[in-house]
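Input: a single structure, listed below in structure tokens.
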Amino acid sequence: MKVTQICIGRFHHFHLARQFEKHGLLREIWTGYPRLKLKDEGGIPKAKVRTFPWFQTTYMARGHVGLDRWQSINANWAWWSHVTLDHHVSKHIKEPGVLFALSGSGLKSGRKMKSIGGKFICDRGSSHIGYQNTILHEEYARWGLNFAGVDARVIEKEQQEYCEADLITVPSRFVQNSFIQMGVPAEKIRKVPYGARLDRFTKAGSPPSDRFRVLWVGSVSVRKAFLDALDAFRAFKHPKKEFVVIGAVEPQMKHLLRKKSTADVTFLGTVPNIELPRYYSTSHVFLLSSIEEGLAMVQGESLACGCPIVATDHTGASDLFHDGKEGFIVPIRRPDLIAGKLQQLADSPELRRSMSNAAIERVARLGGWDKYGDEMADVVGEFSSANPQSTASDTTSC
């Protein structure tokens, strides 16, 4: 069966499209991105990249004209970006195959594909949307912030996708468990961890010997629990430590950061992707304290550059590396434990070097995106086999 993909942006789906193309499975990939933004996505025939950018492109540009300040506008704009893309793709589905859609973008298209004898895979990159909504409410309240919640329309649509899909693919054990906790049958969920771009992320230097450098790559946000990371950095002891932060600071965090000491913290803002290997390679440790993520790909990038990781167990970390070997994995909301792991690495250069070497070896064994592509090709192949895996119709009542 040929695969039609839908992804509102890029995320990991273009990596997957290249893999499907290598396996001779790709029919086309649809995105809300403008074609101009996809010039660097090689390995996919141009004719198979289809765009419907009219809502998503303007949504991405809303900040340039000051429209990102109004929550109601943002929510409606994002909603219609997904709905219109899904509707547009559904009209172009003519032959049976596999519809592989990022969650939130494939309900109508999935129904259309199933109506003509095809299959529908819902690909969810984060925890179950109901679980996600609950844990984010808790986290915002923890810091005295109001959280409007995930758009109720989005929750309803995604949960309907989970129900009607023949299979739900997820990237980590954490995400898998969130679905099971929310009542989705375990047999309907397939865990396939993401890879890393081994062609781009390799060791490109060494950390400085006159200081201890902690690296952050990602948005400075409540969801990523940046304040826990900052508290942990403040708590561990070193005569010359620094915290290099790469990523945009979300508006609600700016107020909270004014109440914290940011001495020895350097906020670099966004950095071109091509420059990231140098930052990973010249840092002693990469820190990720997120409350909720599917499988943060920055972890694979860090490992590939020989940078050990301290991450929470809600980041997909356990599907990428072993606790105590290539880095450390700690529970969420425990800056004290994070500080303790940073202290271990700062006090033991030999431990850090051992973890750095183990990180590079680990990524090499993981196989980059090729292994991910092989596993996803096997998933698609099951739908063409004589005894395909159980589908939504016989596992879940919608």
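The values are calculated or read from the model by the stated rules, or taken from the named source; none is laboratory data. Please read all numbers here as calculations on a predicted model, not as lab measurements. Note that each Cβ is placed from the backbone with ideal geometry, even for glycine, and that neighbours are counted across all protein chains shown. Ligands, DNA and RNA are stripped out before the accessible areas are found, and what is left, the full protein with its side chains, is counted by its heavy atoms. Shrake-Rupley method; radii C 1.70, N 1.55, O 1.52, S 1.80 Å.
Structure notes:
- Annotation: amide H of D123 within the under-5 Å range of A101, L102, S103, T169, sequence separation 5 or more or interchain, hydrogens built in the peptide plane.
- Options (i) 28.1; (ii) 23.4; (iii) 22.0 - which one matches Kirkwood radius over Cα pairs in Å as calculated here: (iii)
- Ordering of 229-238, 214-223 by packing [mean C-beta count within 10 Å, highest first]: 214-223, 229-238
- Cα centroid separation, the range 226-297 to the range 174-213 (Å): 18
- Kirkwood analysis of the range 133-196, using all unique Cα-Cα pairs, places the hydrodynamic radius at 13.5 Å.
- Taking Cα atoms only, the orientation of helix 152-164 departs from the longest principal axis of the chain by about 60 degrees.
- Element breakdown for the chain at a 1.4 angstrom probe: carbon and sulfur atoms account for 53% of the accessible area.
- Two-site label geometry, W54 and H87: point separation in nm, points 7 Å out along Cα→Cβ: 0.9
- Signed unit charges on C-beta, dipole axis of the chain, positive-most listed residue V49, A141, Q19: V49
- Choice from C122, C305, C163 showing the highest fluctuation, given a GNM over the chain with Cα pairs closer than 10 Å: C163
- Reachable lysines from K2, criterion Cα separation under 18 angstrom, eight or more residues apart if same chain: K22, K46, K48, K91, K94, K112, K114, K119
- Simple spin-label estimate for I274 and R353 in nanometres, 7 Å along Cα-Cβ: 3.3
- Overall form of the range 332-387: oblate. Here a/c, set by the Cα gyration tensor axes a ≥ b ≥ c, is 1.5 or more, and a/b is not larger than b/c.
- Loop chymotrypsin sites (Phe, Trp or Tyr not before Pro), the range 117-156, which have at most 10 other Cβ atoms in a 10 Å radius of their Cβ (DSSP): none
- Computed from the C-beta positions of I360 and R333, the FRET efficiency with R₀ = 45 Å rounds to 0.90.
- On Cα atoms only, tilt of 129-142 relative to the major axis of the chain in degrees: 30
- Helix 71-92 and the long axis of the chain differ in direction by around 40°, with both axes built from C-alpha atoms.
- With the simple model of a label 7 Å out from the Cα in the direction of the Cβ, T202 to K94 spans 4.4 nm.
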